[in-house]
Protein chains: 2
Amino acid sequence: MSTEFSAWRKLVQADMEAVLDRHLPMVSEQPAKLHEAMRYTTLDGGKRVRPLLVFAAGELFDAPRDALERAAAAVEMIHAYSLVHDDMPCMDDDDLRRGKPTVHKRYDEATALLVGDALQSQAFETLSGGALDAARKIEMLALLASASGSRGMCGGQAIDLDSVGIALALPELEHMHQWKTGALLRASVLLGAMAGKALQAAEQAALDAYAKAVGLAFQVVDDILDATADSATLGKTAGKDAANNKPTYVSILGLEASLALAEKLRQDAHQALLSFGDAALRLRELADLVVQRKA
Amino acid sequence: MSTEFSAWRKLVQADMEAVLDRHLPMVSEQPAKLHEAMRYTTLDGGKRVRPLLVFAAGELFDAPRDALERAAAAVEMIHAYSLVHDDMPCMDDDDLRRGKPTVHKRYDEATALLVGDALQSQAFETLSGGALDAARKIEMLALLASASGSRGMCGGQAIDLDSVGIALALPELEHMHQWKTGALLRASVLLGAMAGKALQAAEQAALDAYAKAVGLAFQVVDDILDATADSATLGKTAGKDAANNKPTYVSILGLEASLALAEKLRQDAHQALLSFGDAALRLRELADLVVQRKA
């Protein structure tokens, strides 16, 4: 990765703190504890992969800054809420997230439940604001809602829950991840592009292919890191999948083949962007980042 | 209440089953268990107070049917999700809802968590569809998101949680309920009206005053019923508030004064509708229903 890309990434990540800070309710507003907990889990942490995808896709079509910031904040709030609920005792029962106690450990379970619920509402509220054309905003809201719901992220979680201890075949595992993490990653790419212009079918198909490859690569690398890195590096509990007997790319394919698959998906992602030429540089570099990350 | 009103109410309630059935994912779609549980908790039950408010307010301004159905389905999905999460062990820990086992009892806690999350997404997806002008839909989505989030329903839940065992004064209790149940009831009235036309300030103020009175009346009557009715009549566990040491209108004011307050709020609701004349008949009758209901 170029130093120029690294600088851009750090800028976006820093900007996202300010953007999320602006779009989250203040602690000075009632109910203070709920707002504090919403901020605790959303601010100051995370790789901001989804916002990076939003901004990188936005560069393709010169999307206005405020619209990108709102889209990025909305997808990050949805992502943050899903982590809070996912960490709860009735789901993954995890104590550590981004190197800090999870919300139900730092506060309590009831607060964690409400934090997730309120963050989801806030995501749609944030995306409904701003100066974009109303018809475009409706399309973006419908996309985010669909990517978040039972035919997207929540549906993937449900399939994941039902597959614990079951020997999933590779196509089923891929299908589950396309919903669980892929849907929101795809939405990030499309929202960034849609903030710039109404997409033509060919543009959407190219971005879909890119997002699909990056989404799967993201998950393959997650599984590789879960099997090979330590908790301190990851900022969350390592080795959880094996401990929970959850099917992963590494458990099905082995480590070598998983590494090769991640590299192939990186190339697929580049391939999908050919028609966009130089304007897609950031998206290409993001695919590289997703595959080459160490945490 | 007139027999004509009773017939209208039954029609709306029956129609809502069909509308929700249409807007919820089918069980034949994956993930089947999640979709089944979403339907289990949303269909075949409930007084449909919020949809009734949507339809009654829609009659004021001749709102198109599909827009009312979508708005009513969306608020009912938000309401249903809040009940599912509210019933979970970390919140009210309730086993019975509408005379049936709660979702976490019938399925499991993880499914209950996902059902609520997915219903919230589905509410926004449903409201983003249909033929209304995009700018109007954006206003409606922003209103629903705000009424659902940390400055609305979720915020009220958070204040409620923090007030268990604390001797709230009447203004604080009223404030909590205005958020916890009032925000979504208000949204129901406004969404129904907005589906017909863009509201002028005076119209919105009149509907706000009506919704505020009905929302508080609803809660006062809930507290009265919780203290006086049995579980079989309510379809949920009676006497929970006293058992949980939760402040209620009855515990603060006593039963007599609570009954008088409910009647005063019913009159306030009628008063607020004066400028709408005969077109507000349904809304007036709904205020009567809310106060005179037995469950």
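The values are calculated or read from the model by the stated rules, or taken from the named source; none is laboratory data. Model, not experiment: these values are computed from the prediction. We place every Cβ from the backbone using ideal geometry, glycine too, and count neighbours over all the protein chains shown.
Annotations
- Within region B:134-191, tally of residues that are within 30 Å of B:Glu59 (Cα to Cα) and in contact with a His (Cβ under 8 Å, 6 or more places away or on another chain): 2
- Residue in region A:81-91 that is within 18 Å of A:Ala147 (Cα to Cα), within 14 Å of chain B (Cβ to nearest Cβ) and hydroxyl-bearing (Ser, Thr, Tyr) present: yes
- Failed item, numbered, when B:Leu184 is tested on (1) under 17 Å from B:Ala287 (Cα atoms); (2) surrounded by fewer than 22 Cβ atoms within 10 Å (Cβ to Cβ): (2)
- Scanning region B:21-70 for residues that are part of a helix (DSSP H, G or I), of a type outside the set (Ser, Thr, Tyr) and within 14 Å of chain A (Cβ to nearest Cβ) gives B:His23, B:Ala32, B:Lys33, B:Leu34, B:His35, B:Glu36, B:Ala37, B:Met38, B:Arg39, B:Ala67, B:Arg70.
- Of everything in region B:106-116 that is out of contact with any Ser or Thr (no Cβ under 9 Å at 6 or more places or on another chain) and facing another protein chain (nearest Cβ under 8 Å), the residue that is surrounded by the fewest Cβ atoms within 10 Å (Cβ to Cβ) is B:Asp108.
- Hey, B:Asp86 more than 30 Å from A:Arg136 (Cβ to Cβ), at pLDDT below 95 and under 19 Å from the mean Cα position of the chain (by Cα) or not: no
- Filtered residue count, region B:117-145, keeping only those that are at the interface with chain A (Cβ under 7 Å from one of its Cβ atoms) and buried (at least 19 other Cβ atoms within 10 Å of the Cβ): 12
- Restricting attention to region A:46-67, the residues that are farther than 19 Å from A:Glu203 by Cα and among the β-branched types (Val, Ile, Thr) add up to 1.
- Conditions (1) surrounded by fewer than 24 Cβ atoms within 10 Å (Cβ to Cβ); (2) under 20 Å from B:Lys264 (Cα atoms); (3) touching a Ser or Thr at 6+ places or on another chain (Cβ under 8 Å); number of the one not met by B:Leu170: (3)
Residue-by-condition table, conditions (1) in contact with a Cys (Cβ under 6 Å, 6 or more places away or on another chain); (2) assigned to a helix (DSSP H, G or I); (3) at pLDDT 95 or above:
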residue: A:Arg151; (1), (2), (3): no, no, yes
residue: A:Thr181; (1), (2), (3): no, yes, no
residue: A:Leu184; (1), (2), (3): no, yes, yes
residue: A:Tyr210; (1), (2), (3): no, yes, yes
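- Test: residue in region A:149-163 that is at the interface with another protein chain (Cβ under 8 Å from one of its Cβ atoms) and among the polar types (S, T, N, Q): yes
For every residue, the table says whether it meets (1) of a type in the set (Phe, Trp, Tyr); (2) under 17 Å from the mean Cα position of the chain (by Cα).
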site	(1), (2)
A:Tyr107	yes, no
A:Gln122	no, yes
A:Met176	no, yes
A:Trp179	yes, yes
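- Cβ-Cβ distances below 8 Å connect the following pairs, each with a first residue in region A:1-26 that is among the acidic types (Asp, Glu), a second residue that is surrounded by 11 or more Cβ atoms within 10 Å (Cβ to Cβ), and a separation of six or more residues or different chains: A:Asp15/A:Glu69; A:Glu17/A:Leu43; A:Glu17/A:Asp44; A:Asp21/A:Arg39; A:Asp21/A:Leu43.
- There is no residue in region B:169-178 that is touching a Phe, Trp or Tyr at 6+ places or on another chain (Cβ under 8 Å) and not in a helix (DSSP H, G or I).
- The residue list A:Ala145, A:Ala135 contains one member that is assigned to a helix (DSSP H, G or I), within 23 Å of A:Gly192 (Cα to Cα) and touching a Phe, Trp or Tyr at 6+ places or on another chain (Cβ under 6 Å), which is A:Ala145.
- Some residue of region A:38-45 being among the hydrophobic types (A, V, I, L, M, F, W, C), surrounded by fewer than 24 Cβ atoms within 10 Å (Cβ to Cβ) and more than 30 Å from A:Asp226 (Cα to Cα): no
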